[in-house]
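Right, one structure below, let's go through it.
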């Protein structure tokens with residue numbers, strides 16, 4: 001198990017001094033019990049002096065908890081593994097956050113919360129969160145399409 005992350009960590013070490021501009025994706029990667037692997041990876045990342053570690057909790061657009069056998073993935077343990085190994089970069093969490101969940105995450109060790117889809121539907125998301133205003137619903141039918149609808153035509157709060 002300890003050799004599995006070598007390529008990924010090696011790439012991060014090499015990239016740590018470079019500006020990355022391309023989108024990077026890993027398709028069809030699956031692990032029934034990813035906790036030991038990811039704990040090992042963040043311990044290897046800790047000494048690199050990263051500005052932040054961005055963790056997508058669960059499956060994007062799906063369940064926030066990744067089940068690994070009878071236990072869900074323990075994101076707090078992942079953060080502890082990073083910090084215990086000397087990681088000082090900001091810990092950023094993402095996936096399905098609303099204001100209440102974001103406040104809970106920040107109160108329990110996250111440094112940053114990333115909002116993706118809510119920003120698409122709410123061009124003034126920071127104001128809406130700050131003032132407790134309702135959010136526009138996201139129209140998924142306009143995502144990844146070629147038309148003009150979506151992305152730039154959602155209304156601002158009054």
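What the table shows:
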{"quantity": "Subset tally (residues that are surrounded by fewer than 10 Cβ atoms within 10 Å (Cβ to Cβ) and modelled with pLDDT under 90) for the range 122-157", "calculated": "5"}
{"quantity": "Residue in the range 17-36 that is surrounded by 15 or more Cβ atoms within 10 Å (Cβ to Cβ), out of contact with any helix residue (DSSP H, G or I) (no Cβ under 9 Å at 6 or more places or on another chain) and modelled with pLDDT of 65 or more present", "calculated": "yes"}
{"quantity": "Unique match (being surrounded by 12 or more Cβ atoms within 10 Å (Cβ to Cβ), at pLDDT 65 or above and over 30 Å from residue 134 (Cβ atoms)) among 49, 8, 58", "calculated": "8"}
{"quantity": "Scope the range 78-121; condition crowded, with 19+ Cβ neighbours inside 10 Å and more than 20 Å from residue 60 (Cβ to Cβ); matching residues", "calculated": "81, 82, 87"}
{"quantity": "Strands (runs of 3 or more DSSP E) contained entirely in the range 46-147, each with at least 1 residues that are in contact (Cβ under 8 Å) with a residue 24 or more places away in the chain and farther than 30 Å from residue 158 by Cα", "calculated": "52-56, 90-94"}
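The values are calculated or read from the model by the stated rules, or taken from the named source; none is laboratory data. Bear in mind the structure is a predicted one, so any value in this text is a computation, not a measurement. When we count neighbours, we look across all protein chains shown, and the Cβ atoms used for this are built from the backbone with ideal geometry, even at glycine.
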